[in-house]
Amino acid sequence: MGGKLQALVLLFLGVLCTSLWGQQTSEPTRPGSSVGRAPAGPEMRVFGPYQAIAINRDIVNDVKVDEEMNIHLQLFPAHKDKRMVVKISNERFSSYREWFLGGHELVSPANAGKPPCGWTDWVQTKARYIDYWIDGEGFLYLKRRDL
């Protein structure tokens, strides 16, 4: 009987190790995120001084940062008219900080009124972390690398 139990334990450990293989992550995302975990290493995209910690590719097609440090998103058409919320913080998972206009959330109608796959209005901040949300779920997390 002991041999069967030992074999089951070894089988379980083998399955567990196989399922965890390759799932290393660089940073976790905030609770409530729809992006899961970002891949570790060079797969994380860089946009100017920002690095994507996590990105939901079902929502975001591309990100660009212009020479004035304005961040623009290109969302897929299914999310074109949704309300987008942008939150900023100085440390990962710390409290969100206030925007210069007040409040912890900057609300935008994404790229409503613009052509499909157009660029959203810009956001500019000196915060180290920028979190983008739609429908109450995080879909993009950026970390500023030069601060």
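Computed from the coordinates by the stated procedures, all read-outs in this text should not be read as laboratory data. The model shown is predicted, which means the values in this text are computed figures rather than measured ones. Cβ coordinates were reconstructed from backbone atoms using ideal geometry, including for glycine residues, and neighbour counts include every protein chain displayed.
Within a straight-line Cα-Cα reach of under 18 Å, K87 can be paired with the following aspartates and glutamates, leaving aside sequence neighbours fewer than 8 residues apart in one chain: E27, E98, E105, D121, D131, D135, E137.
So if R0 is 22 Å, what FRET efficiency would A78 and D146 give, r being the distance between their Cβ atoms, rounded to the nearest 0.05?
Working: r = 33 Å, r/R0 = 1.51.
With R0 = 22 Å, the Cβ-Cβ based efficiency is 0.10.
Taking a straight line from the alpha carbon of K114, these aspartates and glutamates sit under 14 Å away, with near neighbours fewer than eight places off in the same chain left out: D81. Footprinting exposure proxy ranking of S108, S94, fewest other C-beta atoms within 10 angstrom first, gives S94, S108.
When a footprinting reagent is the concern and you count Cβ atoms within 10 Å, what order do T125, T120 take, fewest first?
On the way: T125 17, T120 21.
By the 10 Å Cβ count, ascending: T125, T120.
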